[in-house]
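Enquirer: The structure under discussion is supplied below as structure tokens; questions concerning it will follow.
The values are calculated or read from the model by the stated rules, or taken from the named source; none is laboratory data. Not measured: the values here are computed from a predicted model. Quick reminder, even Gly has a Cβ in these numbers, built from the backbone with ideal geometry, and neighbours come from all protein chains shown.
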């Protein structure tokens with residue numbers, strides 16, 4: 001962390017964890033002497049929005065399972081996260097419910113036989129919608145970062161799409177890529 005900004009790396013969020021460990025967000029923030037929490041705003045089946053349908057290789061409007069969460073850093077709204085799963089993977093599982101998932105969703109996906117092997121992330125800066133600005137407690141003229149993450153399994157089948165919206169002035173995304 002520098003200049004009061006939150007520094008985030010995607011890698012811890014992509015690998016399954018042993019049971020009993022705290023969720024990644026709580027552990028990552030605690031390691032930095034901060035407090036991370038989350039509130040599940042909604043979970044269940046919805047028609048796939050166009051972008052999500054395209055990434056999951058489904059027809060637009062096809063049912064998908066979504067988990068909508070508000071992430072907090074030191075009790076302040078820090079991120080809006082919508083995670084989408086093909087209904088064939090998530091229907092009838094804890095992914096479709098509003099309770100916390102022990103070990104996190106990635107761990108549950110692995111238990112269900114769906115392990116991420118390839119991740120593609122796309123980050124854009126844009127102005128927030130009125131609802132996003134209100135939820136994140138930012139001014140309407142303060143930009144947000146939108147990170148869209150697609151996770152594919154070993155056969156390059158889509159298993160998860162995350163759409164995260166964060167106040168740009170409070171974030172620093174950190175990527176380390178190892179070659180070879």
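Enquirer: Going residue by residue through the range 149-164, is there one that turns out to be in a strand (DSSP E or B), free of Cβ contacts under 8 Å to residues at least 40 places away in the same chain, in contact with a strand residue (DSSP E or B) (Cβ under 9 Å, 6 or more places away or on another chain) and surrounded by 21 or more Cβ atoms within 10 Å (Cβ to Cβ)?
Expert: The answer is no, given that none of the residues of the range 149-164 is in a strand (DSSP E or B), free of Cβ contacts under 8 Å to residues at least 40 places away in the same chain, in contact with a strand residue (DSSP E or B) (Cβ under 9 Å, 6 or more places away or on another chain) and surrounded by 21 or more Cβ atoms within 10 Å (Cβ to Cβ).
Enquirer: Okay, next question. Can you find a residue in the range 120-133 that is surrounded by 14 or more Cβ atoms within 10 Å (Cβ to Cβ) and part of a strand (DSSP E or B)?
Expert: Looking for residues that are surrounded by 14 or more Cβ atoms within 10 Å (Cβ to Cβ) and part of a strand (DSSP E or B), one finds at least one in the range 120-133, hence yes.
A quick yes/no check of all residues on (1) exposed (fewer than 15 other Cβ atoms within 10 Å of the Cβ); (2) at pLDDT 95 or above:
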| position | (1), (2) |
| --- | --- |
| 9 | yes, no |
| 13 | no, no |
| 20 | yes, no |
| 24 | no, no |
| 32 | yes, no |
| 37 | no, no |
| 49 | no, yes |
| 68 | no, yes |
| 72 | no, no |
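Enquirer: Can you name every residue in the range 80-119 that is under 16 Å from residue 152 (Cα atoms), touching a strand residue (DSSP E or B) at 6+ places or on another chain (Cβ under 8 Å) and not in a helix (DSSP H, G or I)?
Expert: Residues satisfying the conditions are 83, 84, 85, 86, 114, 116, 117, 118, 119.
Enquirer: Could I ask something else about it? Give me a count of the residues in the range 34-79 that are touching a residue at least 60 places away in the same chain (Cβ under 8 Å), touching a helix residue (DSSP H, G or I) at 6+ places or on another chain (Cβ under 8 Å) and part of a loop (DSSP other than H, G, I, E, B).
Expert: 0
Enquirer: Which count do you get for residues in the range 80-100 that are without any contact (Cβ under 8 Å) to a residue 60 or more places away in the chain and surrounded by 16 or more Cβ atoms within 10 Å (Cβ to Cβ)?
Expert: 6
Enquirer: Which condition number does residue 77 fail, the rest of (1) within 27 Å of residue 137 (Cβ to Cβ); (2) surrounded by fewer than 18 Cβ atoms within 10 Å (Cβ to Cβ) being met?
Expert: (2)
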